[in-house]
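The values are calculated or read from the model by the stated rules, or taken from the named source; none is laboratory data. Note that this is a predicted model, so its numbers are computed, not measured. A quick note on method: Cβ atoms are made from the backbone with ideal geometry, for glycine too, and the neighbour counts reach across all protein chains shown.
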Amino acid sequence: MRLFEFEDKDPLRVKLTAVTSQLKSRYLDVGSTEPLSTSALLEILKSNDIIIDKSDIYDMVKKEPLSNLIDDIKGDNVIFKGQHPNAQMGAMTPDDASKIVQKMADRAATK
């Protein structure tokens, strides 16, 4: 859902989406694989005049627009879409990466 798709009747929702989207972009731009704590997220939202509590955030991530930005909240950690913490992703070795590239090259060569 894009910002222009929101109605002007709900400016808090628009602001929440904008702040969360910007935070996600910055977080992913630095390549962080560590999840953000929910308390840190709530503090960032509070500093942007969005006052919600922990129970609200758990409900809000299940619905749009936050469901498009936040993948999950596990314990006290917020995991953004496109972010893969080390525990979930597993460590990919250079050998694994080269095997994947080789398989792709082999498939392309046979076509």
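A count restricted to the stretch 1-43 and to residues that are at pLDDT 80 or above and either touching a strand residue (DSSP E or B) at 6+ places or on another chain (Cβ under 7 Å) or not in a loop (DSSP other than H, G, I, E, B) (or both) stands at 28. Scanning the stretch 67-103 for residues that are modelled with pLDDT of 65 or more, over 17 Å from L36 (Cα atoms) and either aliphatic (A, V, I, L, M) or not in a helix (DSSP H, G or I) (or both) yields A97, I100, V101. Please indicate, with yes or no, whether at least one residue in the stretch 48-61 is among the charged types (D, E, K, R) and in a strand (DSSP E or B). Within the stretch 48-61 (the criterion being among the charged types (D, E, K, R) and in a strand (DSSP E or B)), the answer is no, since none of the residues qualifies. Only residues that are loosely packed, with under 15 Cβ neighbours inside 10 Å and polar (S, T, N, Q) were counted in the stretch 10-32, giving 3. Which members of the stretch 41-51 meet the condition of being free of Cβ contacts under 8 Å to residues at least 24 places away in the same chain and either closer than 16 Å to P11 by Cα or surrounded by 14 or more Cβ atoms within 10 Å (Cβ to Cβ) (or both)? L42, K46, I51, listed by residue number.
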